[in-house]
Structure formats: C-alpha cells, structure tokens
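Following: one structure in structure tokens, then a few remarks.
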Amino acid sequence: MMPTVAYAEVCAGTPECGEWLLAANLERLDVTNAIAQDAMRIKALLGVVGDAYHPKGVGENDLLIIATARIHGHELVSDEAVQLNPPDIPAKRKIPAVCAMAGVTVPCLDFLAYIRRSAGRVWIAYRVVGQRRRGRGRPVFSSQESA
C-alpha cells in the first residue's frame, strides 16, 4: 500500500518505478477528508502556520503520509535519521520524531528494521526526495505485518 501523494512523487522522479508499482498491483491510498483533517491537526501540533514549513522538518506531503498511516492504522518506514533529542522547535522535527509525538503516535521504523522483518506480510511505498536532496529516494510507508 502507498499513499497517493507518495506514489505521485515516485512517478514524477522515477517513472519506471511508478510503472513497476502499477504492474505489481500496488494499492494506492487516496487522501480522504479524514486524512486531510488529521494532517492539518498534526501541522498545528508542529506550530506550522500556512505554508511556512521549516526546511529542516517535515513538509506537507510528509504530513499527509503520516496522517494516512495514522488513519489506516499502519506503520511508517522512513530512512530519515531518528532525532534522539527532538528539536525544541517542533517544526524542525523529521518524520520519526513527528510520529513519536503525543497526539500522533504512529509506529515508525527505519528501512533496515523493515528489511529484517520482511519475511512477514508488509507493504512499502517509495518516496523520491528529488534533486533538492541529492536526487536520492527514500522509503516512507508500510502497513503492519499480518499476524
């Protein structure tokens, strides 16, 4: 499963990966009203006003991805470094720190932990970071393993 916002970023940055995901019957999760409202709630928790996102923190798509995981009860996979001491300015927090915030509490694991567990049933999305961040891609979302 993958949020549609993450899928759009994949297609924009790596069209062949987007085609592969479609051929693999990827289930895309649309942004619903509940997801958009939850993303706005998380944005308020971070103290972000309007489009004034901090360049060192999460952006709008990150919030939609976090909210999608939260609303659907899935965990998130991110290769962003865990901030052991989250910044005093909440808007500077990365995905793992936002997921850990009171009022958000989305399980978040790094890509290596995801790979170690991949013998179970999990899904993953791949977000292309783009040229602004050295053209790297990063995994950002997976659902919970089935029991």
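Readers should treat all values here as calculations from the given coordinates under stated rules, not as data from a laboratory. The shown structure was predicted, so the numbers you read here are calculated from the model rather than taken from an experiment. Reconstructed Cβ throughout: ideal geometry from the backbone, glycine too, with neighbour counts over all protein chains shown.
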Inset, instruction - Just the number, please: Stokes-Einstein D of the stretch 1-40 in µm²/s, Kirkwood Rh from C-alpha pairs, 20 °C, 1.002 mPa s. - result: 200 µm²/s
Inset, instruction - First select every other residue whose beta carbon is under 13 angstrom from the beta carbon of His54; then total the charges, Lys and Arg +1, Asp and Glu -1. - result: +1
